[in-house]
């Protein structure tokens, strides 16, 4: 192994140095080592350095947190003794076995629901591999920010496009609906010998009326998605809202042979919400879940208080799940996998939850089911975000 120029000079002059000079050099080296260690431990990336036998020789503080072990437990131990998640371990084994170089491979961990980039770089000395540097970077928050930015951009585009279009569509729809009613009145004047013709015309008009109603419903969804929400906020217990909604849907779900199980925390703190809009958001999610479930499936709704005091609602189903290839698109306007869907149901859910000051997250695995997680601020925290107690306007202040 080649030493740095400074160390080589020390070795060459070692016999001529007195004890004080040696002490001075040792202090300088120790200070330099501590500086390198401080920099190493201050990195935001998790780093492990191994030798050519795949034994850990260096590990920084961030990586210790990622793999949940103490430095002393892995130092100079086999890399396999580190507590890597299976998704990372698979990449490591393949890369190290084939001496591959990997740069920022994105890996999602099911256990923690976090996303990392993984890099594996060979340590080269005169063309020979002396070991590897393994780098993990937690990009979970970055991915979430990117997702939220895309959502904001999508909603902005939806606002610009749909606000004008929806109004232009709604007016002729109303006019068509009125004239169909007038046609039905005129048909009643036909003579009795035209019964079959009248019956056919009525059937055709009924189909047209049904399609007009469907289009009108789509327009209403567009307008809801783009218009500012007028909230009527009040102090509420989430469990009561969930029970009311499930009671409202029980016959529909019973007919579809879907079982609903409630797991509600009776000690939940109150939140300040608009119960009408929150019910609409929960209704959209439950109907989404019901459509993804085969006959005999289950939906579980769980409420709980988190450590930070906020209230969380989990809506879990054992349906078909969401393919990973479309997971990033499910909150985009107009995106749908349903034949009769408008692609606005989850856009409306997202808008409602954000307007209420909450957060919405989805976790799904194809063939295993889907979990929607809604987090809402508790009453005490929410008071600081609202002006309604002072001016009765009920407006939510952006956080």
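The values are calculated or read from the model by the stated rules, or taken from the named source; none is laboratory data. Keep in mind it's a predicted model, so treat the numbers as computed, not measured. Using ideal geometry, Cβ is built from the backbone for each residue, glycine included, and neighbour counts are taken over all protein chains shown.
Report yes if some residue within the stretch 375-390 is at pLDDT 85 or above and buried (at least 18 other Cβ atoms within 10 Å of the Cβ); otherwise report no.
yes
Being outside any helix (DSSP H, G or I) and surrounded by 13 or more Cβ atoms within 10 Å (Cβ to Cβ) narrows it down to one of 320, 324, so name that one.
Of the residues listed, the single one that is outside any helix (DSSP H, G or I) and surrounded by 13 or more Cβ atoms within 10 Å (Cβ to Cβ) is 320.
Exactly one of (1) at pLDDT 80 or above; (2) within 21 Å of residue 42 (Cβ to Cβ); (3) out of contact with any helix residue (DSSP H, G or I) (no Cβ under 8 Å at 6 or more places or on another chain) is unmet by residue 116. Its number?
(3)
Yes/no matrix, rows are residues, columns are (1) modelled with pLDDT of 90 or more; (2) under 19 Å from residue 346 (Cβ atoms); (3) surrounded by fewer than 18 Cβ atoms within 10 Å (Cβ to Cβ); (4) assigned by TED's automatic domain parsing to the domain that holds residue 312:
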site: 238; (1), (2), (3), (4): yes, no, no, yes
site: 243; (1), (2), (3), (4): yes, no, yes, yes
site: 250; (1), (2), (3), (4): no, no, yes, yes
site: 256; (1), (2), (3), (4): no, no, yes, yes
site: 272; (1), (2), (3), (4): no, no, no, yes
site: 279; (1), (2), (3), (4): yes, yes, yes, yes
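Can you tell me which residue is modelled with the highest pLDDT among those in the stretch 50-72 that are farther than 9 Å from residue 131 by Cα and assigned to a loop (DSSP other than H, G, I, E, B)?
So, considering only residues that are farther than 9 Å from residue 131 by Cα and assigned to a loop (DSSP other than H, G, I, E, B), the one modelled with the highest pLDDT is 60.
Which residue, of 193, 184, is modelled with pLDDT under 75 and in a helix (DSSP H, G or I)?
193
Looking at the stretch 27-54 only, could you name the residues that are surrounded by fewer than 17 Cβ atoms within 10 Å (Cβ to Cβ) and in contact with a helix residue (DSSP H, G or I) (Cβ under 7 Å, 6 or more places away or on another chain)?
Within the stretch 27-54, 41, 43, 44, 45, 54 qualify.
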